[in-house]
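K.L.:
Questions regarding the structure given below will be posed in turn.
The values are calculated or read from the model by the stated rules, or taken from the named source; none is laboratory data. None of these values were measured; they are calculated from a predicted model. Cβ atoms come from the backbone with ideal geometry, glycine included; neighbour counts cover every protein chain shown. Calculation scope for accessible area: heavy atoms of the full protein, side chains included, ligands and nucleic acids excluded. Shrake-Rupley method; radii C 1.70, N 1.55, O 1.52, S 1.80 Å.
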Amino acid sequence: MTDLPIRIRLDGPPDVAAVVPGRMGWLVRGLMAVALVGAAAWLGYAIAFSRGLDQRHAAAQQRLAVEAAQLDGYLSRFEYLPSLLETSPDVDRLLGTPDDRALQQSVSLYLKSINLLAGADNLYVLNVAGDAIAAADFDQPGTPVGSNLSYRPYMRQALATGRGAFFGIGITSARAGYYLSYAVKREGRTIGVAVVKVNLDAFEREWRNRGSDMVLVDARGVTILASRDEWRFRPLAPLSVEALEEIATSKPYGSSNLAPLGWIFTEATHRRGEVAIERGAVYSVDERPLNERQWQLLLLDDETPILRTSLVIGTLSGLASIVALLAFGLLTQRRNEIRQRLANQAALQAANDRLEMRVQERTAELRAAQDELVHAGKLAVLGQMSAGMVHEINQPLAALQTASDNAVQFVDRGMVAEARGNLVRIGDLVRRLARLTGQLRVFAYKSNAPLDAVAVEQAVSETLMILGARVKDGGVEVTIDLALDLHVRADQIRLEQLLCNIVANALDAVEGAAQKSIQIRAVREEGQCRIAIGNSGPAIAADVLDRMFEPFVTTKPAGKGLGLGLVIANHIARSFGGELRARNLETGGAEFVVLLPLAE
């Protein structure tokens, strides 16, 4: 390559130039080459580091979404548990007579049996003064029975708003957990509080087995779950005096000294933050809030692997630029170095391809995990909807089948008017089924549908029309005695649902009786409507009668029922401001009485 001089324009008279000697030209070109190599290395490093952080951020957000959904779904499983105790007569009696030792033992055993099925850490009942009077772990060391927990936030929240939630260390058990509370009411007045405690240690164990560190931070900025033991129950920043005073009262963190972690948070590029931890280690941090819990889930990834990879890629970029310069300068004289340049470029591409492949594989794994979580949630919802649908529309479908069969016979006989009446009835039943599907969640949620005046005669008529096929096929004699112009304050569909459950239960009771009869009577009684449904079946056993309206209590054989029909009926009656009772008749058989407020 010829040694060409470089011409430089100097300040001074126009068209004045100087010829730079050959050695100076090589020095300038060498400096330019060094600057170009340095720029290429820095650019390769910067791009690799930025892309590595972006890919890490995307993977972190996907993992946070999965972890948050798992944690939120796990806690949501237990939200119904405290409210279930409101349906227990023994719990109601114990809150009225909290000093009854035998009743305390009975309720504690009942809580223990429920908790064995639910899988919570503990389940207990407090009176309005905050005294624990029954618990699932009553026979274990550290049980809350006998302790006063009125200072706990979940107790105060339940008394104030009906529900409460709180994470903290148990005062008696010294175990951390998430507390869900529910105010137990009688006639609109709070008589106690039911509490379930959920243990979250399994999430911490799972986090420790993963590559990245993760912490869960509460509303005060204190870590309540952490993949490292030394990070647990420590605030991200020093707490205020007011926060420390509130913590001293509610005692959520036990005897922890609440020493700040001393992390230094800095803003990095868009969508990310950085935190410096002990010994100068730098982590990229991503966070995600948990729905309605005022918690933040933080995922910390060490930036050292990304930094090392970026340095390697930056070095390779610098080497590639050197190779490119040498290949350009010695193209005609150094063919062997051209092959080396191509080999270096191929190696650089292979390294880049391997990096891309690892990112794609990791993204595919996270997407698969997320798809499995969504699929599991869909299967759970489908199971619940299927069970509810079969329970609610089985009886209207039987009436629909009977009406359609009669319509076919009327058409075959040329009885058009009668066939038309059955078709009209079929249409009414179809519309009723459409309305019923909107009421399938009546046991899980409180309905917001407004109550109105409902004619008792019409509700009874609709009920017997739906169950007509069973009445006819079973040869059951139904006697009806209703007071005139009797209206109650209720919802038409749910009242019919309540009556259908009770009458269907009566039909099951008289199935094997010698004399099959059902009596339905309705009268006004002390400002209320009293609807009594009696049957000639066998008497109800005393132990079953005491727990008749508790979930899963049934005398039917396996496969015939889940023990939820009367629980749902009782729940509907309470939602109307009434109640449901059961008793054995002296003349034989049993009777269910529905007391509902009269409509103005």
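K.L.:
Pull out a ≥ b ≥ c, the square roots of the eigenvalues of the alpha-carbon gyration tensor of the range 45-85, then state rounded if a/c is under 1.5, prolate if not and a/b is larger than b/c, and oblate in the remaining case.
P.N.:
Prolate, because a/c is 1.5 or more and a/b exceeds b/c.
K.L.:
Distance in nm between label sites at K251 and L36, each 7 Å beyond Cα in the beta-carbon direction?
P.N.:
Between K251 and L36, the label points sit 7.4 nm apart.
K.L.:
Still on this model: Summing +1 for each Lys or Arg and -1 for each Asp or Glu, what net charge is found among the other residues whose Cβ lies under 11 Å from the Cβ of Q519?
P.N.:
Net local charge, Q519 excluded: -2.
K.L.:
Same structure again: How charged is the neighbourhood of Q294? Take every other residue with its Cβ under 14 Å from the Cβ of Q294, and add Lys/Arg as +1 and Asp/Glu as -1.
P.N.:
That works out to -1.
K.L.:
Additional query: Express in nm, to one decimal, how much length is gained between T363 and D229 on full extension, taking 0.36 nm for each residue of separation and deducting their alpha carbon distance.
P.N.:
Stretched fully, the T363-D229 segment lengthens by 45.3 nm.
K.L.:
If you take the beta carbon distance between R163 and E287 as r and set R0 to 25 Å, what does 1/(1 + (r/R0)^6) give as a FRET efficiency, to the nearest 0.05?
P.N.:
0.40
K.L.:
Which whole-number percent gives the relative contact order of the range 121-196, counting Cα pairs below 8 Å spaced six or more residues apart?
P.N.:
Dividing the mean separation by the residue count of the range 121-196 yields 30 percent.
K.L.:
Could you give the length gained on full extension between V424 and V408, defined as 0.36 nm per residue of separation minus the Cα-Cα distance, in nm?
P.N.:
Additional length available on full extension: 4.4 nm.
K.L.:
Can you tell me the relative contact order of the range 116-256? Whole percent, Cα pairs under 8 Å, sequence separation 6 or more.
P.N.:
It comes to 19 percent, rounded to a whole number.
K.L.:
A further question follows. Determine how large the accessible area of Y124 is when every protein chain is in place; take a 1.4 Å probe and give Å² rounded to the nearest 10.
P.N.:
Counting only protein heavy atoms, the figure is 10 Å².
K.L.:
Of the listed peptides 138-144, 498-504, what is their order by residue-averaged count of other C-beta atoms within 10 Å, with the highest listed first?
P.N.:
So the order, starting with the most tightly packed, is 498-504, 138-144.
K.L.:
Ok, one more. Taking 22 Å as R0, compute the FRET efficiency from the Cβ-Cβ separation of A324 and R23 and round it to 0.05.
P.N.:
0.35
K.L.:
Next question, about the same structure. Once you have the Cα-Cα distance between D302 and R210, take 0.36 nm times their residue separation minus that, and quote the gain in nm to one decimal.
P.N.:
Taking D302 through R210 to full extension adds about 31.8 nm, to one decimal.
K.L.:
Could you give the nm distance between label points at R93 and A453, where each point is 7 Å from its Cα heading toward the beta carbon?
P.N.:
Those two pseudo-labels are separated by 4.1 nm.
K.L.:
Let me ask something else. How high is the FRET efficiency from Q140 to R189, r the C-beta distance, R0 30 Å, rounded to 0.05?
P.N.:
With a Förster radius of 30 Å, E is 0.40.
K.L.:
Okay, moving on. In nm, to one decimal, how far is the modelled label at Q70 from the one at R547, with both set 7 Å along Cα→Cβ?
P.N.:
The two pseudo-label positions are separated by 3.6 nm.
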